[in-house]
1. So which residue, out of ALA24, ALA107, ALA75, gets the largest mean-square fluctuation from a GNM of the chain using Cα contacts under 10 Å as springs?
2. Tell me, what HN-Hα J-couplings in whole Hz come from the Karplus equation 6.51 cos²θ - 1.76 cosθ + 1.60 at θ = phi - 60° for each residue of segment 106-117, using x for Gly and Pro?
3. Taking amide H atoms as placed 1.01 Å from N in the peptide plane, list the residues 5 or more away in sequence, or in a different chain, whose amide H sits under 5 Å from that of LYS87.
4. Residues of segment 97-126 with backbone nitrogen within less than 18 Å of a virtual label 7 Å along the Cα-to-Cβ line of GLN39, please, listed as ranges.
5. If you bin the C-alpha pair distances of the chain every 10 Å from 0, what whole percents do you get?
6. Quick one: which residues, 5+ away or cross-chain, put their amide H under 5 Å from the amide H of PHE27? H built at 1.01 Å from N.
7. For the pair SER54/ALA102, report the inter-label distance in nm, with labels modelled 7 Å from Cα in the Cβ direction.
8. What are the ³J(HN,Hα) values, in whole Hz, obtained from phi via the Karplus relation 6.51 cos²θ - 1.76 cosθ + 1.60 with θ = phi - 60°, for each residue of segment 86-94 in sequence order, with x given for Gly and Pro?
Amino acid sequence: QVQLVESGGGLVQPGGSLRLSCAASGFTLNDYTIGWFRQAPGKEREGISCISSSDGSTYYADSVQGRFTIARDNAKNTVYLQMNSLKPEDTAVYYCAADNPATTVQAMCVYHRGYWGQGTQVTVSS
């Protein structure tokens, strides 16, 4: 079965850091455009960071630019989202998704395409 599993979420204080992981089974993430998305209560789902399968192109939403970094570890079949300088407004359920490598990073983060994981909760408080 094709599956994506997010992990690494939790409770963190403002200004702290977390690293989220998106691990794949049943397919190789190297061959896919990958995106990180989040949805906060009462808000629409937001594409926050996406990465291509080929040329390494990346996209970051303005809300996370300079604070979050997306990266691949091909040996572990995993994509990470390093989140620094976290703010309470970053509180959300975070999802990863994988799509056809023909999908550009812009299309991935705008149109929310592909196969999806179940999400991991990130809470920034106190």
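1. Comparing ALA24, ALA107, ALA75 in the GNM, the peak value goes to ALA75.
2. Listing the rounded values in order: 5, 5, 4, 6, 8, 9, 6, 8, x, 8, 10, x Hz.
3. It is GLY15, by chain and number.
4. Counting only backbone N, you get 97-99, 108-123.
5. Taking all Cα pairs of the chain, the binned fractions are 15, 50, 30, 5, 0 percent.
6. Distant-sequence amide H within range of PHE27: GLN3.
7. For SER54 paired with ALA102, the spin-label model returns 1.1 nm.
8. Ordered by residue, 3J(HN,Hα) equals 5, 10, x, 5, 7, 4, 4, 8, 9 Hz.
Every read-out reported here was derived from the displayed coordinates using simple, explicitly stated rules and does not represent laboratory data. Source: prediction; values computed, not measured. Cβ atoms come from the backbone with ideal geometry, glycine included; neighbour counts cover every protein chain shown.
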